[in-house]
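Please treat every number below as a calculation from the coordinates, not as lab data. Everything numeric in this text was worked out from a predicted model, so none of it was measured. Positions of Cβ are generated from backbone atoms using ideal geometry, with glycine treated the same way; all protein chains shown enter the neighbour counts.
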Amino acid sequence: MKKLGILIILVGLMVLLRPQTASNQAPSGCSELLINGDMEANNGWTFHSPDASAAYSTDQFLSPQRSALLGIVDGPATYGVSSMRQDVAVPPGSHMFLQWHMWPRSVPFDAEDLQYVWILQPPYLTHLRTLWDGVRNDQAWLTCSYDLSDLTDQEITLDFSVRNSDRGGVTAMYVDDVSLLICDSPQPVIEGCLLSTPTPTPTATASPTPTLTPSPTASLTPTPSLTPSPTFTLTPTATPTVTLTPTPTITPALRCSQLIRNPDFTAGANGYDGWAQNLILSTDYRDATGEQHHAAWFGGATWSDQYLYQDVLLPPADQLSLNLLWATDAATDTVLAADEALTITLRGTDDNVLALLAVMDNNSPRQQWQTLQADLGAYAAMSTRLHFQSRTSEHAVAWYVTAVHIEACGFKSLYLPLIQSTSPKGK
């Protein structure tokens, strides 16, 4: 018995100490290539940073309790690159897909910092491909997916990094639930990163259960002795019919995502973080009714030509719509020239115009905030550019735009499924 107990203990130790394998369970027809993609164990990833600013963290996470933190959240801005990497020997296969989730932060926004995801090629870590780079301050989870089918049958290194400059703000990025799948068949995927905000599902209000009124019970009078009792014909007491109020059928609310970064022009040194533009600054504008908003400012001078745009990947969706506020600041009796207008178009990323959405010219309302709505459903699953262009000539007319939202609702997610760990969690 003593030997049997020792044997059981040794077997248990072997199980606990065996090397960890990939903690993600792949969908049918796919194999997971990464180790510790959910960041719950302490293996698989190699961290590189000059000041320990790359490590596992419990500050922000998707599942179950940890993520990886790269960059600086608290403390002074110091120059350095924080990275985490994993080497992968990719077997031959037809299709390979990468998905990750990130929570970017840059406070205050620093355009000289950088968050990026690269594919490197060992052994010298030669730069092979940039999957994503930028500097964002969403402070919310984004889902990113990419097709890497052309990189099968070779060795690659996944590199997630944050670079901080030694001036301005501090920038960081949390990373969680990273999955690299090699699959027998194609998987639907739209390349890019999306910020998703589920719409709360309404709570059903239960219908009250009707209260039944008891049927009255008849009281019988005793029959006197020797006197024949009359025969009574009893009339049945009617049983009330209970009408049940049907339980309301709940139509699930559409899941929606807002796709525009910095829609109110409040982020960045001049308010234009996330936008390409040649505007001077953003500003507050109060219209003739007293309504005031912070907005992008076009024109305001004679002989001006200005632009503002943001590239947006429109996902497949039941509803895709553009909503914004705009105002024209010119006297009501001012007659604008034919070339003086603010024009809003939807373009491809090659700058070819797909649709003319609106023109704010001499015929538009003056000095009062207006709402613009446009249906973008015809451009689902396309890479687009929301583009604003203003021109003035002899008049110093100004235009203001704010609350720019592109809403995608009820979209069928084309991302790879969220992979959850099924193995014991190591700490």
Q | Most to least packed among 262-272, 100-110, 326-336 [average Cβ atoms within 10 Å] | A | 100-110, 262-272, 326-336
Q: Just order 298-307, 338-347 by mean Cβ neighbour count inside 10 Å, highest at the front, would you?
A: 338-347, 298-307
Q) For S149 and Q368 in the same chain, what is the full-extension length gain: residue separation times 0.36 nm, less their Cα-Cα distance, in nm? A) 73.6 nm
Q: Round to the nearest 0.05 the FRET efficiency obtained for S321 and L125 when R0 = 30 Å and r is the Cβ-Cβ distance.
A: 0.10
Q.
Give me P(r) over region 21-195, computed from all C-alpha to C-alpha distances, binned every 10 Å, as integer percentages.
A. 10, 39, 36, 12, 2
Q.
Translational diffusion coefficient of region 256-409 at 20 °C, 1.002 mPa s, Stokes-Einstein with Kirkwood Rh over Cα pairs, in µm²/s as a whole number.
A. 136 µm²/s
Q | Cβ-based charge dipole, region 21-195, positive-most Cα from V162, V117, Q187 | A | V162
